[in-house]
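Beneath this line is the structure, given in structure tokens, with notes to follow.
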Amino acid sequence: MHTVIGEILPLALVVTVSPINIIAAILLLFSPRPIPNASAYLAGFVLGVGGALALVVVVADAIGLTPGSDRSTVASVVLVVVGAALVAGGVLELRKRPGPDEEVALPGWMAGIDAFSTFRSLRVGVLIGAANPKNLAVAVASAVTVANAGLPAAQQVVACAVYVLLAVVGVATPLVVAVALGDRSQSVLESWRTWLVRNNAAVMAVIFLVFGVVLIGKGIAGA
């Protein structure tokens, strides 16, 4: 189990440092109900990330990806495909990098986020955690890794829980800072938001390229 956890923790890191996930949490902390909205978003994000991972693990187990099975090579193929998708995504992110004087536009769904209700914040958290293509791709790779290890169900649950805990640290951090610093957190969060918006493409490009290559190598080695 320790080996599996060691393999999926770097993948969880891809989710936790994703700027868009964190920017949404920060923007909600500037809404009229900052703590309830950000807390709801975090709760939804946990549900989304955990639910997506659990679902893919169940599907992978049902397919039969345990070592030595007839379909064990499927795991290697999936890792190569996901890795290739991440590399392609990294190249696209590099091409999207804004120029020094270019204004960076946020995703359309963030429009009016400061007016979100608590329920809508929860719903957005679930959708971003589960349906964001970047998060979903990493969840697939992690679930295949867990299923391919042939772990008992209890150990699979532990491995998935550890993945989720690390994957949500990025979204949880702005909320922790807001609670700990109170009004003093506004300038800190605003500086984080500015940096993340400006460097979103560069950060994701590096992460995608690095972990995409890692997954491709892992898939080829297991083929």
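Note on Ala62 and Ala202: the extension gain reaches 46.6 nm, defined as 0.36 nm multiplied by sequence separation minus the Cα-Cα distance. Largest first, the extents of the alpha carbon coordinates of region 2-222 on the three principal axes equal 56, 39, 26 Å.
Sequence gap at least 6, Cα distance under 8 Å: using those rules, report the relative contact order of the chain to the nearest whole percent.
Numbers: 324 pairs, mean separation 104.0, N = 223.
Computed over the chain, the figure is 47 percent.
Residues whose amide H falls under 5 Å from that of Arg97, counting only those 5 or more places apart or on a different chain, are absent, with hydrogens built in the peptide plane. Using R0 = 30 Å, the C-beta based FRET efficiency linking Met110 and Ile220 works out to 0.20.
Take 81-93, 134-146, 30-42 and order them by the average number of nearby Cβ atoms within 10 Å per residue, most first; the result is 134-146, 30-42, 81-93.
One Cα centroid belongs to region 1-28, the other to region 150-223; the line between them spans 2 Å. Using only side-chain charges placed at the Cβ, +1 for Lys and Arg and -1 for Asp and Glu, the dipole size of the chain relative to its Cα centre rounds to 100 debye. For region 196-209, backbone phi angles converted through the Karplus equation (6.51, -1.76, 1.60; θ = phi - 60°) give residue-by-residue couplings of 5, 4, 5, 10, 3, 5, 5, 4, 5, 4, 4, 5, 4, 5 Hz, Gly and Pro being listed as x. Comparing Asp61, Asp183, Asp114 in a Gaussian network model of the chain where C-alpha atoms under 10 Å apart are linked, the largest mean-square fluctuation is found at Asp183.
For Ala88, neighbours were defined as the other residues whose beta-carbon sits under 15 Å from its Cβ, and their charges (Lys and Arg +1, Asp and Glu -1) total +2.
Here, each number is a calculation from the coordinates, and none is a lab measurement. A quick note: this is a predicted structure, and the numbers were derived from the prediction, not measured. Positions of Cβ are backbone-derived with ideal geometry, glycine not excepted, and every protein chain shown enters the neighbour counts.
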